[in-house]
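All of the numbers you see were taken from the coordinates with simple rules; none came from a lab. This is a predicted model, so every value here is computed, not measured. Ideal geometry is used to build each Cβ from the backbone, glycine not excepted, and the neighbour counts take in all protein chains shown.
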Amino acid sequence: MQQAKFSRIGFVLSAAGAAVGLGNIWKFPYITGLYGGGAFVMVYLVTILFIGVSLLLAEMLMGKRGGSDVVSNFEKDAPSHKWAWAKAGYLFVIGLIIMTFYSVVIGWIFYYLYLAITGLPTTLDQAQDIFNHLYHQSPWIQIIAHLVSVLIVGAILVRGIKGGIEKFNLVLMPLLILILVGLMLYAMQFESFSKALSFLFMPDFSKLSAEAIIRAVGHSFFTLSIGIGSIMVYAAALPKESNLFSSALWVAFLDTFIALLAGIVIFSFLFQFGGEPAKGPGLVFMSLPIIFAKLGTVGTVVALLFFLGMAFAGLTSAISLVEPTVMYLESRWGWRKSKAVFWSSFFYFAFGILMILSVTDTTQSYLMIGKKTLFDAVEFAVDSFLMPLGGILIAIFVGYAMKKEDVRAILSKDMGDTLFAVWYFSIRYIAPLAVLFLAYNALFV
Ligand code: PFF
């Protein structure tokens, strides 16, 4: 299937758009809160640097070489007798699984955009009530907001990823950074600013449980969009001369920078207003609205911009989560784009409703998996199992199944021999071992 090529900046922005999403602004602060701060952040940063960037590059490399959907990219280099390798390409389905909750959360953002116009909560109690009411008692609002997200994502996918997304990213990513930096400058006036910094950057390793490590490593995969073929199908549309190594570094840098910025802002304000860091999925929706309400009219404008920026960050990631499936259905099953988009959307819309019902008070008890709601269980499974699984398949494939000369041929211009050797070592040994360690801990500890 022939598709439009990205410009280089378009690719970096779109890959950054895929990476920078709800994981950075919604999820990173709340899991950092849940798992105790500094030590968790440290594991996350180390993983991004030593494993994340390597895997990001590996995925880009497969996309650029294969130039097609995820399954075809695996098949291209799969040794013919090892049929199982070709099947690894089906990992792209994880994107749709993620969308079952991701789209629901984008729906929450739409609801908060509406609140920004009609009136935000002014106290923490009020903010908690509003969020809890939405989360536990308003399935219809959530379903409608989820549907709006499904429709927007579908409308953009039907036009192809290049059409509007690149332009939106170009405007909204800098805007998001500006807003976050502005909020950080404001937060610097509070005593709690230094408390937030130490919460995020002073590791207390006694707080680091095995589960915290698993989630930190898993989240670094999630936030960089590794292991499900999103970045791979974007890279499949790269022009020949693009530098993969610097693109991978840029994407990882922007992603980490935005997550840390969001974390600093949110925790400063949270500590200032006496909130609890371990609030779970509602954190961003409870702490920030109060701040915005306190800023008066300016706050309303900032709230609108912030939630709008967050919605776009979410939507650009959402598109990248569904695109691998759409591309597969088009290129392998010969479906029209509109049909492929419709059925992919239908799938995650329907399962998204189950997610919503699993956190609704009246239906929750029917949709529990052990002690977790379906919503939490799926999110946990994605982080601690599915995405690392995708990551390890890609690492082993690039490190062992692909011929070293082929790999080197693509990267030789982008990085010197030494860097190449370090990266190759990481892909063959460090990344798989780290993921095995993760899997072992997730299953047995
Ligand atoms: N990286 C996105 C985020 O942090 O919100 C989520 C995501 C997008 C994960 C695309 C995986 C993916 F392929």
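What value, in deg cm²/dmol to 500, does the helix sum -39500 (n - 2.57) over DSSP H runs of n ≥ 4 give at 222 nm once divided by the residues of the chain? Mind dumping the intermediate values first?
On the way: 22 runs with 321 residues, N = 445.
Calculated mean residue ellipticity at 222 nm is -23500 deg cm²/dmol.
Each of Asp417 and Phe437 was given a label point 7 Å from its Cα along the Cα-to-Cβ line. The distance between the two points is 3.0 nm.
Give me the percent relative contact order of the chain, please, defined on Cα pairs under 8 angstrom at least 6 residues apart.
This gives 35 percent for the chain.
Angle check, please: helix 387-396 long axis (alpha carbons) against the longest principal axis of the chain (alpha carbons), in degrees 0 to 90, nearest 10. Compared with the principal axis, the helix lies near 20 degrees.
Sum up the charges of everything whose Cβ sits under 13 Å from the Cβ of Ala18, counting Lys and Arg as +1 and Asp and Glu as -1, but leave Ala18 out.
Values: positive: none; negative: Glu59, Glu166, Asp255, Glu323.
Neighbourhood net charge equals -4.
Residue separation of Ala350 and Trp333 scaled by 0.36 nm, minus their Cα-Cα distance, works out to 3.9 nm of gained length.
In a DSSP loop and with at most 10 other Cβ atoms within 10 Å, there are no chymotrypsin sites (Phe, Trp or Tyr not before Pro) in the stretch 167-234.
Among Phe347, Phe312, Leu283, pick out the residue whose Cα is farthest towards the positive end of the charge dipole of the chain, where Lys and Arg carry +1 and Asp and Glu carry -1 on C-beta, about the Cα centre. Ranked along the dipole, the leading option is Phe347. Any chance you could give the angle, 0 to 90 degrees and rounded to 10, that helix 93-118 forms with the longest Cα principal axis of the chain? Tilt of helix 93-118: around 30 degrees. Amide H contacts under 5 Å for Gly163: none, restricted to partners 5 or more places along the chain or on a different chain, H placed in the peptide plane at 1.01 Å from N.
Please order Thr223, Thr362 by the number of other Cβ within 10 Å, starting at the fewest.
On the way: Thr223 27, Thr362 10.
Listed from fewest to most nearby Cβ atoms, that is Thr362, Thr223.
Look at the dipole of the chain built from charges on Cβ: of Gly299, Phe267, Leu436, the Cα furthest out on the positive end belongs to Leu436.
Among the listed pairs Lys64/Lys339; Lys87/Lys167; Lys279/Lys339; Lys64/Lys337; Lys64/Lys371, those whose Cα-Cα separation exceeds 31 Å are Lys87/Lys167; Lys279/Lys339; Lys64/Lys371.
If you take every residue apart from Ile98 with its C-beta less than 12 Å away from the C-beta of Ile98, what net charge results, scoring Lys and Arg +1 and Asp and Glu -1? Each step should come with its number before you reach the end.
Working: positive: Lys27; negative: Glu379, Asp383.
Taking every Cβ under 12 Å from that of Ile98, the sum is -1.
Distance between the modelled labels on Tyr400 and Tyr90, one decimal in nanometres: 2.0 nm (7 Å Cα→Cβ projection). Remark: spin-label model distance Gln126-Lys371 equals 3.5 nm, labels positioned 7 Å along the Cα→Cβ axis.
Between Thr362 and Ala155, take the C-beta separation as r, use R0 = 41 Å, and let me know the FRET efficiency to the nearest 0.05. Could you put the intermediate results ahead of the total?
Values: r = 33 Å, r/R0 = 0.80.
Rounded to the nearest 0.05, the efficiency is 0.80.
Using DSSP loop states and a limit of at most 10 other Cβ atoms within 10 Å to flag GluC sites (Glu not before Pro), what is the longest stretch of the chain containing no flagged site?
Values: sites that count: Glu191, Glu241.
Maximal segment without exposed cleavage sites: 242-445.
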